[in-house]
Amino acid sequence: MRVRFVCLALGMLLVPALAHADSHNADFYGGFAGGGGGSTIPGFITEVAKDFKEKDLAPLVQGQKEHFHAFWAGVGGVSSQFGSHEGRQLTRTVYGAGGRMTITKHDSRNFYHAQAQLVGIYSNDGLDHEQPNDLGIAVGAAYDFSFHGPRDTGSVGTKVYGMGLRFQADRIFNIGSNGDVRGSVWRLSAGLIYRAPRK
């Protein structure tokens, strides 16, 4: 049990450490995770995303209407949940990488994400005939709210950076040899996100 709580603490501390490791337009997310088929105590999730180059957005002029624009990013992460499920002690770890599309308005604090990842799934639930590792697909959506408004970075791309809140929902589909036994589960999470400016 101590090892599980140490893992939880390290997962939460990973994000502020990474926030100082990069200076380009990327984001780092860490939060608590849970959901259907998960555990009865909180787990954690961490994700790192690197935005592809955004197009140069001209400054808004007075009276000009804001429009949504989209950009893409590569994203990867890991989540882990610990606890009891249906009378069994369960550890479920999901790790993977994929792509993400973000939609936002010019200089907005609100970011809307849709993403898909190819993931590996580890579950020690005893339903696997000694085969705890499976392949899966995680499809999800997230909403970010930045604590800071737009600030000049001296370059193109998103001018909103710094700390914020994220709320995320993922559906994890098990497509491995044990998919018919384990099926698919929801992974819900909430936590802090840090957006690094492009320099």
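Out of all the residues in the range 92-101, is one or more at pLDDT below 90, in a strand (DSSP E or B), over 24 Å from residue 147 (Cα atoms) and of a type in the set (Lys, Arg)? If you could, list the steps in order and put the result at the bottom.
Our first condition is that a residue be at pLDDT below 90; within the range 92-101, this holds for 92.
Of the ones still in play, those that are also in a strand (DSSP E or B) are 92.
If we keep only those that are over 24 Å from residue 147 (Cα atoms) as well, we get 92.
Retained after the next criterion (residues that are of a type in the set (Lys, Arg)): 92.
So far as the range 92-101 goes, yes, one or more of its residues are at pLDDT below 90, in a strand (DSSP E or B), over 24 Å from residue 147 (Cα atoms) and of a type in the set (Lys, Arg).
Can you find, within the range 141-199, the residue that is modelled with the highest pLDDT among those that are of a type in the set (Gly, Ala, Ser) and within 14 Å of residue 25 (Cα to Cα)? Show your work before the answer.
Here is the first cut: in the range 141-199, the residues of a type in the set (Gly, Ala, Ser) are 141-142, 146, 149, 154-155, 157, 162, 164, 169, 176-177, 179, 183-184, 189-191, 196.
The next check asks that each one be within 14 Å of residue 25 (Cα to Cα); those that pass are 154-155, 157, 162, 196.
Working: 154: 58, 155: 55, 157: 54, 162: 89, 196: 86.
Here the residue is 162.
The values are calculated or read from the model by the stated rules, or taken from the named source; none is laboratory data. Every value quoted in this text rests on a predicted model; they were computed, and no experiment measured them.
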